[in-house]
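Structure first, commentary second.
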Amino acid sequence: MAARLKEKYDAEIAPAMMEQFKYSNPMQVPRITKIVVNMGVGEARTEPRLLEGAMSDLAQITGQKASVRKARRSIAAFKLREGMSIGCMVTLRRDRMYEFMDRLFNVAIPRIRDFRGVSPKGFDKAGNYTMGLKEQTIFPEVDIDTVVSVCGMNVTFVIANSNGADESRELLRKFGMPFAN
């Protein structure tokens with residue numbers, strides 16, 4: 001069974017985008033190719049169990065095993081050596097990506113305290129969108145009692161065929177992203 005948002009994209013969003021932006025070919029319509037979820041755990045250099053906890057939380061949230069990210073260079077001011085484990089990430093594609101996006105928009109983001117919408121300024125020149133979340137406990141999959149330490153995370157939506165931020169913003173808005181006014 002295909003993901004709910006995938007069916008919505010095929011049935012409603014893509015035709016609406018074709019009409020709105022006057023595309024001549026359905027392959028010109030912007031689409032989300034992958035979602036990258038990244039958790040930086042800076043304290044992991046002194047306390048390795050924090051990274052293990054972050055990896056298990058990320059695996060619960062995304063339904064996919066997280067991979068360890070290592071420092072690319074040494075930075076003396078941060079007491080960081082090249083090759084130290086400092087974070088974890090997951091790349092989601094296809095149905096898992098749409099399922100995660102559905103849970104993020106409809107379950108997790110509404111649980112944020114004093115939420116007034118996500119920033120509409122997180123777009124790069126290619127039209128990809130990155131948003132930050134302050135804690136992983138907004139996801140219902142994470143048991144608050146078992147969380148080792150509260151970590152923030154970055155969620156990047158990689159959008160193909162986008163001609164800038166306006167088209168990408170409209171695509172995410174049609175998916176249900178709650179942008180601030």
Query raised in the report: On the given criteria, is residue 144 closer than 23 Å to residue 111 by Cα and open to solvent by less than 30 Å² (accessible area, probe 1.4 Å)?
Result: no
Report task. Show the residue pairs that are 6+ apart or on different chains and have beta-carbon atoms under 7 Å apart, the first residue being within the stretch 110-121 and among the basic types (Lys, Arg), the second being open to solvent by less than 60 Å² (accessible area, probe 1.4 Å) and part of a loop (DSSP other than H, G, I, E, B). Result -> 116/180
Requested in this report: Filter the stretch 33-62 for residues that are touching a Gly at 6+ places or on another chain (Cβ under 6 Å) and surrounded by fewer than 21 Cβ atoms within 10 Å (Cβ to Cβ) and give the result.
Outcome: 40
Query raised in the report: Which is in contact with a Ser or Thr (Cβ under 7 Å, 6 or more places away or on another chain) and touching a residue at least 60 places away in the same chain (Cβ under 8 Å), of 29, 36, 90, 41?
Result: 36
**Report entry** Residue list for the stretch 63-87, restricted to those being open to solvent by less than 40 Å² (accessible area, probe 1.4 Å) and without any contact (Cβ under 8 Å) to a residue 12 or more places away in the chain
**Finding:** none
Query raised in the report: If you take the residues in the stretch 63-84 that are at pLDDT below 75 and outside any helix (DSSP H, G or I), which one is farthest from the chain's Cα centre (by Cα)?
Result: 79
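Against the definition (farther than 22 Å from residue 159 by Cα and either in contact (Cβ under 8 Å) with a residue 12 or more places away in the chain or more than 24 Å from the chain's Cα centre (by Cα) (or both)), how does residue 60 come out, yes or no?
Values: farther than 22 Å from residue 159 by Cα: yes; either in contact (Cβ under 8 Å) with a residue 12 or more places away in the chain or more than 24 Å from the chain's Cα centre (by Cα) (or both): yes.
Against the criterion (farther than 22 Å from residue 159 by Cα and either in contact (Cβ under 8 Å) with a residue 12 or more places away in the chain or more than 24 Å from the chain's Cα centre (by Cα) (or both)), residue 60 qualifies.
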**Report entry** Restricting the stretch 90-114 to residues that are open to solvent by less than 70 Å² (accessible area, probe 1.4 Å) and over 17 Å from residue 175 (Cα atoms), the residue that is farthest from the chain's Cα centre (by Cα)
**Finding:** 112
Query raised in the report: Considering only residues of the stretch 147-165 that are modelled with pLDDT of 85 or more and either within 15 Å of the chain's Cα centre (by Cα) or under 18 Å from residue 121 (Cβ atoms) (or both), which is most open to solvent (accessible area, probe 1.4 Å)?
Result: 154
Report summary line: Across (1) surrounded by 15 or more Cβ atoms within 10 Å (Cβ to Cβ); (2) touching a residue at least 60 places away in the same chain (Cβ under 8 Å), residue 138 clears everything bar (2)
Report summary line: Checked the stretch 86-145 for anything on the phi < 0 side of the Ramachandran plot, outside any helix (DSSP H, G or I) and charged (D, E, K, R); matches are 93, 113, 116, 121, 124, 125, 134, 135, 141, 143
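Out of curiosity, is residue 30 open to solvent by 20 Å² or more (accessible area, probe 1.4 Å) and not basic (Lys, Arg)?
Judged against the criteria, residue 30 is not a match.
The values are calculated or read from the model by the stated rules, or taken from the named source; none is laboratory data. On a predicted model such as this, the values are computed, not experimentally measured, just so you know. In this analysis, Cβ positions are derived from the backbone assuming ideal geometry, glycine residues included, and neighbour counts consider all displayed protein chains. Protein only, heavy atoms only, side chains kept; ligands, DNA and RNA dropped before computing areas. Shrake-Rupley method; radii C 1.70, N 1.55, O 1.52, S 1.80 Å.
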